[in-house]
Amino acid sequence: MARFTLPRDVYHGQGALEALKTFEGKKAIICVGGSSMKKFGFLDKAAAYLKEAGMEVDFIEGIEPDPSVETVMKGAQKMLEFQPDWIIAMGGGSPIDAAKAMWIKYEYPETTFEDMCKVFGLPKLRTKAHFCAVSSTSGTATEVTAFSIITDYNKGIKYPIADFEITPDVAIVDPELAKTMPKKLVAHTGMDAMTHAVEAYVSTANCDYTDPLAIHAIEMIMKDLVPSYNEDMSARERMHNAQCLAGMAFSNALLGIVHSMAHKTGAAFADYGAHIIHGAANAMYLPKVIAFNAKDETAKKRYGVIVDYMGIADKSASDDEKVKALIAYLRKMNDDLNIPHCIKNYGADSFPTENGFVPEEVFLERLPSIAANALLDACTGSNPRQPSQEEMEKLFKCCYYDTEVDF
Ligand SMILES: NC(=O)c1ccc[n+]([C@@H]2O[C@H](COP(=O)([O-])OP(=O)(O)OC[C@H]3O[C@@H](n4cnc5c(N)ncnc54)[C@H](O)[C@@H]3O)[C@@H](O)[C@H]2O)c1
Ligand SMILES: [Zn+2]
């Protein structure tokens with residue numbers, strides 16, 4: 001038996017934020033990140049709509065990018081004091097993911113972070129509150145997914161919490177919020193969405209329900225991401241939908257080792273002054289992982305189908321040629337979006353540079369444990385080809401030096 005779960009309602013299109021006016025309840029807590037939602041007036045708007053619906057409103061502000069376990073525990077404490085029956089999480093993946101984890105702790109105050117990380121092991125939520133997610137970036141699709149990514153900074157590792165219990169009740173996908181994204185954010189979150197769709201399509205858990213969502217998302221992203229990056233606002237609007245479709249696919253079909261590798265490198269070199277931003281990590285690793293996975297016949301055929309839909313190679317070409325065309329296309333997208341091809345050239349500002357912020361000797365020293373952690377990541381199980389420790393280390397080296405994957 002398989003399960004396909006999505007939010008009960010997805011409000012989308014211009015002005016979708018107004019749906020908050022129709023919510024029923026007594027108290028709502030709005031969770032946001034640093035300042036963008038406040039600065040651009042969306043926080044005030046959301047609060048006004050909820051008040052119009054007759055609710056008392058409180059706020060959890062300042063949730064940091066790549067939220068920590070401590071932020072989650074602090075926020076849950078605030079929820080326990082306020083006792084909301086609606087949690088409204090607004091912003092990028094970071095505040096929404098943090099709010100999802102706060103929700104678990106609010107419903108079950110004795111739960112530890114280790115308990116939360118048991119894959120598909122959460123108790124029933126919604127005994128205290130329902131959850132609405134309003135996305136302001138076009139990438140993570142956490143507004144429709146069963147995932148939350150929290151970082152344990154003591155270990156420098158991102159942990160996915162995975163359970164359909166944390167699939168939001170309501171998603172609001174209003175393109176108005178995505179208009180204010182700076183270009184770099186458009187690039188990174190957009191390639192995150194592309195990776196979601198591609199990984200979902202070749203995942204071992206793919207099915208007839210998830211395939212059309214993944215394929216349509218890929219077709220939209222290939223058309224709309226670069227124009228959206230170049231400030232075409234109608235493309236930006238379509239990207240907001242495309243990333244959400246990709247999310248619907250991967251929330252049910254799961255992901256693969258591009259994400260395992262991104263999760264385990266994101267904060268691994270934070271002591272050298274930067275993070276490898278999630279979407280940029282995916283963008284760099286995806287072409288390498290495609291080459292690795294294509295040694296699996298089923299995966300290779302599926303990449304071929306993706307290429308047929310994208311129309312970037314002759315239909316009569318061999319699957320090997322189609323895989324090559326897909327890799328070349330994705331690398332060109334990275335060039336168009338000013339994303340480097342490898343960790344060695346990844347600057348502290350995320351742009352391509354001769355000498356990236358991760359020193360070679362530090363990378364090599366940490367490689368065995370990073371690779372071991374990536375193998376243990378929750379996304380590894382559904383990857384079409386299971387790497388050994390040695391293969392994972394080799395794959396990471398290809399991602400560091402931008403060398404060809406021939407194993
Ligand atoms: N839950 C999932 O299914 C899932 C999937 C993929 C990634 N993630 C996680 O999501 C996080 C990344 O989320 P993200 O990429 O959405 O970025 P983010 O939430 O970390 O935000 C990045 C920055 O962009 C700003 N910002 C957000 N929206 C803006 C807007 N509309 N205009 C201007 N500035 C804006 C924020 O203030 C912040 O400074 C990572 O921790 C990643 O691991 C989660
Ligand atoms: Zn992702």
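For region 117-140, the candidate set comprises residues that are at pLDDT 95 or above and touching a strand residue (DSSP E or B) at 6+ places or on another chain (Cβ under 7 Å); within that set, the residue that is farthest from residue 185 (Cα to Cα) is 129.
If you go through region 272-290 and keep only what is out of contact with any Asp or Glu (no Cβ under 7 Å at 6 or more places or on another chain), crowded, with 20+ Cβ neighbours inside 10 Å and not charged (D, E, K, R), you end up with 276, 277, 280, 281, 283, 284, 285, 286, 287, 289, 290. I'd like to know if region 169-190 contains one or more residues that are crowded, with 23+ Cβ neighbours inside 10 Å, assigned to a strand (DSSP E or B), within 14 Å of ligand 2 (Cβ to nearest atom) and not aromatic (Phe, Trp, Tyr). No: region 169-190 contains no residue that is crowded, with 23+ Cβ neighbours inside 10 Å, assigned to a strand (DSSP E or B), within 14 Å of ligand 2 (Cβ to nearest atom) and not aromatic (Phe, Trp, Tyr).
Counting only strands (runs of 3 or more DSSP E) that sit wholly inside region 61-161, those with at least 3 residues that are touching a residue at least 12 places away in the same chain (Cβ under 8 Å) and more than 16 Å from ligand 2 (Cβ to nearest atom) are 86-91, 130-135.
For every residue, the table says whether it meets (1) free of Cβ contacts under 8 Å to residues at least 60 places away in the same chain; (2) within 16 Å of ligand 2 (Cβ to nearest atom); (3) not assigned by TED's automatic domain parsing to the domain that holds residue 220.
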| site | (1), (2), (3) |
| --- | --- |
| 282 | no, yes, no |
| 299 | no, no, no |
| 330 | no, yes, no |
| 334 | no, yes, no |
| 354 | yes, no, no |
| 357 | no, no, no |
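In the set (1) assigned to a loop (DSSP other than H, G, I, E, B); (2) closer than 23 Å to residue 226 by Cα; (3) out of contact with any helix residue (DSSP H, G or I) (no Cβ under 6 Å at 6 or more places or on another chain); (4) among the hydroxyl-bearing types (Ser, Thr, Tyr), the condition left unmet by residue 329 is number (1). Among the conditions (1) of a type in the set (S, T, N, Q); (2) surrounded by 13 or more Cβ atoms within 10 Å (Cβ to Cβ); (3) in contact (Cβ under 8 Å) with a residue 12 or more places away in the chain, the only one that residue 369 does not satisfy is (3).
The values are calculated or read from the model by the stated rules, or taken from the named source; none is laboratory data. Keep in mind that this is a model prediction, so the values were computed, not measured. Virtual Cβ from ideal backbone geometry, glycine too; neighbours counted across all protein chains shown.
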